[in-house]
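Data first, discussion second: the structure below is written as C-alpha cells.
No lab work stands behind these numbers, since they all come straight from the coordinates. Predicted model only: the values in this text are computed from it and were never measured. Please note: Cβ atoms are built from the backbone with ideal geometry, for glycine as well, and neighbour counts cover all protein chains shown.
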Amino acid sequence: MTTQSLKKILIANRGEIACRVMRTAKQMGLTTVAVYSDADKNAQHVKYADEAYHIGAAPSKDSYLVTDKILSVALDAGVDCIHPGYGFLSENSQFAKACENNNIAFIGPPASSIEAMGSKTRAKEIMAQANVPLVPGYYGENQDPAFLQAEADKIGYPVLIKAAFGGGGKGMRIVESAKDFMTALQGAQREAVAGFGNDLVLLERYVNKPRHVEVQVFADNHGNCVYLGDRDCSLQRRHQKVIEEAPAPGLSDELRTEMGEAAVRCALAINYRGAGTVEFLLCGDEFFFMEMNTRLQVEHPVTEMVTGVDLVNWQINVAADKALPLKQTDIQLHGHSFEARIYAEDPSNDFIPCSGKVESLYIPVQSEFVRIDTGITQGDEISPFYDPMIAKLIVHDDSREQALLRLSTALEEFHLSGFSCNVNFLHTLANHKTFKDGAPDTHFIEEQGQALVAVNALELTYSKVIAAHCYLSSLAKTQIRNVWDQLNGFKLNADPIIKVPLIGDEITAEITSTGFKISINDIVYTTSGQLNNGQCDLFIDGNKHQCHIALSDGSITVMYKALQTVFALQDKHYVSEHESEALPLAAPLNGTVVKHLVEVGAKITKGDAVVIIEAMKMEYTLNAPHDGVLQSYCFAEGELVSHGALLAIVSDESQENE
C-alpha cells in the first residue's frame, strides 16, 4: 500500500515512536518532519528526519505540548498530515480540531471520538449504552472532595482513583481505607494536572487480581471496522506495562471472539477512525470495559508481528481516506510475540527513573524473529524531562514457549551502560515459572517484591572475575611486569601478587603464561582471554564467557548476560560507604519541587511525608529521616532540583536530647 494524496508528514513526538513512524513514512515515500526541544537537539529522531524544527525549552509543557508551536511549524513546512505518536498530544481533541481547521490530516480519530473516550466518565456512559460490562464506580462531573469521599465509601474499599483524561498509571491511586482517601485524591489530581492539564477524576471499585487484556481495533471512513487480535498486558509495575504479548494466552476461541466483537462495538459507537485499543479487565471468563485509547499503543509491535500488518501504514492510508485492505475474515494470527519495555530506571530502588549518558550500547541482531524499536544510540543523553523508556525489544516465533525463549536470549544480548536499567529485571520475569505457565494477574510484580530484583549469585561472581581480569588487562604490561615499581606483595623468586582495587572484596591476582589466577575471598579462578573495543571473550576455569565492558577512571561496568554491574575502583580519594550515605531528604533524581507538605517550624515524626518532587511524569514523596523540627526548605515549589540536592532540613531530636 502506498498513498498519493499525502506527501509530507510531521511527527509531533520524540524518541522511539517518532523514529518508528518515520521508518514507515519513508518506506511509503513521504517526506518526514521532526520537531524538537532544547533537550533533543541531538536526538536520533531529529537526525533521521528529512527536516527538523526547534519548538522550545526542554519541559514538554514548553515544547511538545504546545499546540500553536507545532501547528506553526506544520504550516511553515508545508506538511499535509501530522502523526502524534502516543502520549503528548495524541489524545488531545483540541489539537485534532486545530489540524482539521488548518486542512492538515490528523493521523488519528476525529476530535469527536477523542472527546467521547478522552473523558473516562463519558466513555463509561457510552459503553453502558453499547451493553459492555462495567466495573462499579462513580463517573460523574461532581468533583467536590467530600462528595467523592462519600461515593468512595458507597463503592467500598479498596477504591481506585483515576484521572479521567489520563493514562500510563499517572493520576492513579489505590486507596485501601477511608482515612487515606483525601491525601490520595490530592496526589492523583496534581499528577493529572501535570500530565494531562485536567484534574477530573473518576472512582472505581478496585478489582482484585484481574488480568489486563486489550483488543486492537481499526476503522476507516467507509464504515469498515475490524479487530486485529488481542494482547495481554498484565505484567505491570506502578500501573505501567513492562512486558506485553500477543495473543493473550489461555483465552477460549469463544471468549476471544466475544471480546473482539465488543471492542468493535465500542469503536462503532463513537464513529471511530484509525487505530485504537479497547482495554478490558479479565476476571476468569468475565471481562469489564476499562478504557479505550484513541491512538496507537506503545505495544502495537506485538500485534504487527502476529498479523503481518504495518499499523502505521494503515494509519496513514486511512487518514488519506483509503479503505481498510482486509476484512475480518482475512485477518489471521500467526505464532506468538512478546515486547519488553527497556527503561532507564533502578528496579532495586522502587524503579526510580534514571538519566545520564549512554556510555555504551550493544543490541541483539535484528531479524524476522527479533526487532528493536528505539530512539537512542551510543553517546546519547537520557533526559530527566521525559518518560524513561529507551527501547522496546520485540520477539516473535511459532509458539509462546519458543517466543519466550527468544525473549530471554535477546535480553541477555541487550547491553548498555551509563545508568541503571531494567534489563535484568525483565530477564528474571521472562524466566519466572509463573509467567512461563501463562499470563499472571496485574498484581504479580508487586506481590513478588524483591524476588524479581534479586541478582543471580553465580552471575555476580563471574562478573567480579571478569571485572578483575579486565582491570588487570587494561594495565600496561610494563606496569605489571616491573615489580620494582609495584607496592604489591612482591617476593624475590616468586610470582608477584597484584591487588585488584575493586571495592567490597579482597581480590588479588597472579600473572600466568596465558592470563591470571584471580583470588576472590580466597577462591581462585583461572582466566584467559581478550578485551577488544568493549567486547570481552573470556575463559574462566576453561569455560568461555562473552560479555561487554565499559572502563572509566573510577569504575568498571560489566554487562554479562542480562546483568549490568558497576564495580567501583578504590583510590586515595575513596570514602567509605558509611561516610557517603545519601541524605534521606536529598532528591533521588533530577526533577521539580511540586509540594511542601509540612509548615516550617512544625514538629514531625520519622517517616512523615515532607516534600513531593515530580520527575519523568511521576511524583515522588520524600519522608522525614527522624523525629525533629522542620527547619527550612532548600527549594521553593516549582523550582528545578538536581539529583542529590538537599530538599529540606530537619533537626535531629534524638541528638538534641542526648
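Remarks
- Stokes-Einstein D for the chain, Kirkwood Rh over Cα pairs, 25 °C, 0.890 mPa s (µm²/s): 91 µm²/s
- The loop-placed GluC sites (Glu not before Pro) in region 151-248, going by DSSP, that have at most 16 neighbouring Cβ atoms within 10 Å of their Cβ come out as E176.
- Cα principal axis extents for region 153-245, largest first, Å: 50, 30, 27
- In the chain, the longest principal axis of the Cα atoms and the axis of helix 15-27 are about 60 degrees apart.
- Here the alpha carbons of region 8-107 define both size measures, Rg and Dmax, at 11.9, 32 Å.
- Sequence-separation-based contact order of the chain, relative, with Cα cut under 8 Å and 6+ spacing, percent: 9 percent
- When only Cα pairs below 8 angstrom with a gap of at least 6 residues are kept, region 120-178 shows a relative contact order of 28 percent.
- Among beta bridges from DSSP that stay inside the chain, the antiparallel ones total about 90%.
- The C-alpha atoms of the chain define a longest principal axis, and helix 457-474 lies at about 60 degrees to it.
- 5 Å binning of all Cα-Cα separations within region 136-205, expressed as whole percents from 0 upward: 4, 21, 33, 27, 13, 2
- For region 348-439, convex hull volume per residue from C-alpha positions, Å³: 104 Å³
- Size of electric dipole in the chain: Cβ of Lys, Arg +1 and of Asp, Glu -1, about Cα centre, debye, nearest 20: 1260 debye
- Amide H within-cut-off set for G418, under 5 Å, with H built and near neighbours excluded: E359
- The slack between A451 and E261, meaning 0.36 nm per residue of separation minus the straight C-alpha distance, is 64.5 nm.
- Phi-based couplings in Hz for region 156-166 (Karplus 6.51, -1.76, 1.60; Gly and Pro marked x): x, 8, x, 10, 9, 8, 10, 5, 5, 10, x
- Sparse-neighbour loop sites [trypsin sites (Lys or Arg not before Pro); region 259-337; at most 10 other C-beta within 10 Å; DSSP]: K327
- The GluC sites (Glu not before Pro) of region 302-373 that DSSP puts in a loop, and whose beta carbon has at most 13 other beta carbons within 10 Å, are E368.
- Counting every pair of alpha carbons in region 582-656, the share spaced more than 22 Å apart comes to 15 percent.
- Peptides 636-644, 13-21 ordered by packing proxy, namely the average of other Cβ atoms within 10 Å per residue, highest first: 13-21, 636-644.
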